[in-house]
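The structure appears below as structure tokens.
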Amino acid sequence: MNRKTLEILEYDKLIQLLSACATSDSGKIKCASLHPLRNREAILKSLENTSDAVARVLAGKKISFGGNKNLNECFKAMSVEATLAISELLMIASSMECAKNVKDYGLAEEREDSLREMFENIVPSESLAKEIRRVIVSEDEIADDASPTLKSIRREMVNTASRIHSDLNKMVNSTYRTYLQDAVITMRNDRYCIPVKAEYKGQVKGIVHDQSKGGMTFFIEPAAIVEQNNRIQELEAEEREEINRILHNLSKEAATHLEELKINQEILSELDFIFAKASLAINEEAVMPDYESGEYLDIKRARHPFIDKNKVVPIDIILGEKYSCLIVTGPNTGGKTVSLKTTGLLCAMGQSGLFIPAAPGSKLKIFRDIYAEIGDEQSIEQSLSTFSGHMKGIVSILKEANHNSLCLFDELCSGTDPTEGAALAIAIISRLMDKRATVMVTTHYAELKIFALNTENVENACCEFDVETLSPTYRLYIGIAGKSNAFAISEKLGLDKRIIERAKLEMDDSREDFEDILKDLEEARKSIESDREEAARLRKEVEKLKEELDRNKENANERKEKILREAREEARSILEDAKEEADEAIRLYNSGSSIQEMEKKRAALRKKIDDNASKIKNTEKKPEKTGKKVDRDKLKVGDRVHSVSMGMTGEIKKLPDSKGKVTIAAGIMEFKVAFDDLIYAKEEIVKEPTRTTNMASGFSKAATISTEINLLGLNSDEAIAKLDKYLDDAYLSHLHSVRVVHGKGTGALRSAIHKYLKRLDFVSEFHLAEQGEGDAGVTIVVF
């Protein structure tokens, strides 16, 4: 892709951001070599890799490639079987350990993605890495246990040095004490010596290795330890030879893994590069661009990656679908150039396999080349003016651009006579459109705004400027031409109004009318934008209300299921109790129990039924009165009312119309309801509970039970006992009412029966029979 364009778009800064995300030198080299691709399959594959790496990182899995060392120099030495240095062997061990960690990370879970094959192809050589770590302690030290020979040599070196120290200590502290400058043991030329005063030089037999600057001290190796010092030097030579042998063997072993190391380095570097792209995407809150939906640009809420994401104003860029040329106008410092660079840089990022800082669903087109003519091309050395340098770049673009090109021009044909410049700009845009190139231009020329209005496949856009605050908002609006706002800005800054009026007189009438139209369009756009924001707010509120309604419905269903579940459990418990009581009654009957025992059992069962009925009666909510009816004369807008039929509460918005319909508002929704359907909302609305009657199991008795009982001739106790059993049977047989014949007599039996009936919960009412039906001798009982 055009190198000059990448420089203009500051693609190198993007590479720096990416390289900072890599954790190995090899990965950083990969990042530095990144460039936009042209092949669709390669672009999509690269983006897929980035997407899969992002998914792994967001899943909470992070990995470092810092142990992946650049082993290219080691590979050269290994190919000729040269002995590697300690530092080089440590780099190999580090790379092998990194390979193992990365492979374990990549295959830790059954994730089938585009990166899995790379993780599987890594070949970690754990045995070699462990051997290197066993032998080499650090870059300056080989372990004593590297080999038995090395261990023996070093043990003898320690013993010999110890004997030397012991002998010299005796000399220093006794034999030569008076001859010494200081009672110390020192080293000269890697041999142990003692510091002897110059006047006693002849008294100490041995080899002189050095003397002080003043000549007052001679450093002499006593003859008694010369052989021991010689032995230490021999051992040191043997140690070096053994270390070289050990390193050579390790190097030969490493050379057997040469191909594996090369493969690992390539894969680890590629993975480091891919995960660097993922880290950059996460840092920039970027998204994967869509190349599948169409051959055009539709970038939603695009952000320039070099501007703080907390300060940048996102813009929407649509280009190439309904129009292939976008002409952006507006005042200076309004964001036109940033919009231009954002478009070019995001296209380059997408084709580099990078996510783009934009909203999900953003679409990009694959361009073979991106051309940008942005900035001042003035050159003193080449004797080029600003316009000449600018035109030189345009000429080059016109030669090379085609239907797969994106052409970006900042202030096209500026720096010359405005009339000629505008005409040239129109001609250049027309030529590029003939080539079917995708074009984006910034300009101040009014002629280009008119050209966009009158030309098919060309669209206006503007960068908004707030005249009140004299500051740009950096918002890009497509479909509206921008104004330079020179007069308004000048007036705000204090320029004499008479000068501004004179300037307006100098303008062509049609030009002034055009600017007025643009002003009206701008005001209309702001009004539409405000309406759109209000509509979005209302839509959001509706969605919130719908979610709340769905949530309440779900809660109601859950409560309903719970009530039904509890009711079923209660019914099952009641049936089990009934079965037990029935079984007990049958057992008593079969065992030949007396009538008194049977009556006692029946009375206990009767009491249990009465107790349960009392509990049910106490727990039932009595129906409460509904809210107060709305007074038509006192009703006013703003009153809180409740619609009984709709079950909805709201405020009065409009009083009753000719049809008696009242408009009420509930949230953001309004409804028309009948006036008679309204009650005041301040009264609590409680629905009257529906009473259900438990079904009994007295079907066998229902066919034989009489609707009348005769108690004549019985005393009160006998009559009550017989009546009690009869009423149970009649009630369980679902009779609505029965006749109790007790006769007139003294009235004592009637009084006892009436007193008894008052205590029964399942008796609704009772009264004496009508004249001719038994009157005072018969009581009618209603269940």
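Model label sites at S152 and E292, defined 7 Å from Cα along the beta-carbon direction, differ in position by 7.1 nm. Comparing P289, L17, A571 along the charge dipole axis of the chain, the residue lying farthest to the positive side is A571, per the Cβ-charge model. Between R134 and K213, the FRET efficiency from the beta-carbon distance, with R0 = 56 Å, is close to 0.75. For the range 400-477, the spread of Cα positions along the three principal axes, ordered from largest to smallest, is 43, 28, 23 Å. Between the beta carbons of E456 and E270, assuming R0 = 51 Å, the FRET efficiency works out to 0.60 to the nearest 0.05. Scanning residues 5 or more positions from A372 or on other chains, those with amide H under 5 Å from its amide H are T5, L408, with H placed 1.01 Å from N in the peptide plane. For the Cα trace of the range 154-273, dividing Rg by the Kirkwood Rh returns an Rg/Rh value of 1.35. Pairwise inverse Cα distances across the range 1-76, averaged and inverted, put the Kirkwood hydrodynamic radius at 14.6 Å.
Hydrophobic long helices, here whole DSSP H runs in the chain with Kyte-Doolittle means of at least -0.5 and Cα atoms spread over 15 Å or more along the helix axis, are found at 11-21, 40-58, 86-106, 258-283, 336-351, 386-400, 418-434, 716-732, 748-758.
Compared with the alpha-carbon gap, the fully stretched path from R587 to M648 is longer by 16.1 nm at 0.36 nm per residue. For M187, project a label point 7 Å along Cα to C-beta. Then give me every residue of the range 196-235 with its amide nitrogen under 13 Å of that point. It comes to 232-233, nothing else. Normalised by residue count, the range 219-307 yields a Cα convex hull volume of 209 Å³ per residue. Near R475, the amide H atoms lying under 5 Å from its own belong to E464; only residues 5 or more places off or on other chains count, and H is placed 1.01 Å from N.
Note on the range 1-43 and the range 56-92: Cα centroid distance 23 Å, given to the nearest whole angstrom. Summarising the strand pairing of the chain, around 70 percent of its internal DSSP beta bridges are antiparallel.
First check a/c for the range 29-113, with a ≥ b ≥ c the square roots of the eigenvalues of its C-alpha gyration tensor; if it is under 1.5, answer rounded, and if not, answer prolate when a/b is larger than b/c or oblate otherwise. Oblate shape, in that a/c is at least 1.5 and b/c is the bigger or equal ratio.
Of the options [x] 1.10; [y] 0.94; [z] 1.30, only one is Rg/Rh (Cα atoms, Kirkwood Rh) as computed from these coordinates, and that is [z]. Heavy-atom accessible surface of the chain, averaged per residue, reaches 57 Å², computed with a 1.4 Å probe. Which stretch or stretches of the range 43-81 have amide N atoms under 11 Å from the point lying 7 Å from R301's Cα along the Cα→Cβ direction? None, by backbone N distance to the label point.
By the equivalent-ellipsoid construction on the alpha carbon gyration tensor, the range 256-373 comes out with semi-axes of 33, 17, 13 Å, ordered largest to smallest. Basic side chains Lys and Arg get +1 at the Cβ, acidic Asp and Glu get -1 at the Cβ, and with that the dipole of the chain about its Cα centre reaches some 2480 debye.
Among the GluC sites (Glu not before Pro) in the range 47-85, those located in a DSSP loop and surrounded by at most 16 other Cβ atoms within 10 Å of their own Cβ are E81. Computed extension gain for A223 through N715, at 0.36 nm per residue and net of the alpha carbon distance, reaches 162.2 nm. Approximating the spin labels as points 7 Å out from Cα along Cα→Cβ, the R502-to-R532 distance works out to 4.2 nm. Given a Förster distance of 30 Å, report the FRET efficiency between V542 and K45 from their Cβ-Cβ distance, rounded to the nearest 0.05. It comes to 0.10.
Quick one: grab the alpha carbon gyration tensor of the range 272-316, order the square roots of its eigenvalues as a ≥ b ≥ c, and give me rounded if a/c is under 1.5, else prolate or oblate depending on whether a/b is larger than b/c. Oblate is the answer for the range 272-316, as a/c is 1.5 or above yet b/c matches or exceeds a/b. Of the peptides 408-415, 669-676, the ranking by mean beta-carbon count within 10 Å, highest at the top, reads 408-415, 669-676.
Take each peptide in 554-565, 317-328, count the other Cβ atoms within 10 Å of every residue, and average; sorted highest first, the result is 317-328, 554-565. Close amide H pairs (under 5 Å, H built 1.01 Å from N) link D290 with S362, K363, L364, residues at least 5 positions away or on another chain. Peptides 20-26, 186-192 ordered by packing proxy, namely the average of other Cβ atoms within 10 Å per residue, highest first: 20-26, 186-192.
A straight chain from K205 to A556 at 0.36 nm per residue would run longer than the Cα-Cα distance by 115.3 nm. The charge dipole of the range 103-241, taken about its Cα centre with unit charges on the Cβ atoms of Lys, Arg (+1), Asp and Glu (-1) only, comes to about 1440 debye. The mean sequence distance of close C-alpha pairs (under 8 Å, at least 6 residues apart), as a share of the length of the chain, puts its relative contact order at 9 percent.
Figure legend: label point modelled 7 angstrom from the Cα of S79 along Cα→Cβ; residues of the range 257-298 with amide N under 19 Å from it are 257-267.
The values are calculated or read from the model by the stated rules, or taken from the named source; none is laboratory data. Keep in mind the model is a prediction, meaning the values are calculated, not measured. Because the Cβ atoms are built from the backbone with ideal geometry, glycine has one as well, and the counts that use them run over all protein chains shown. Just so you know, the surface numbers come from the protein's heavy atoms only, side chains and all, with ligands and any DNA or RNA stripped out. Shrake-Rupley method; radii C 1.70, N 1.55, O 1.52, S 1.80 Å.
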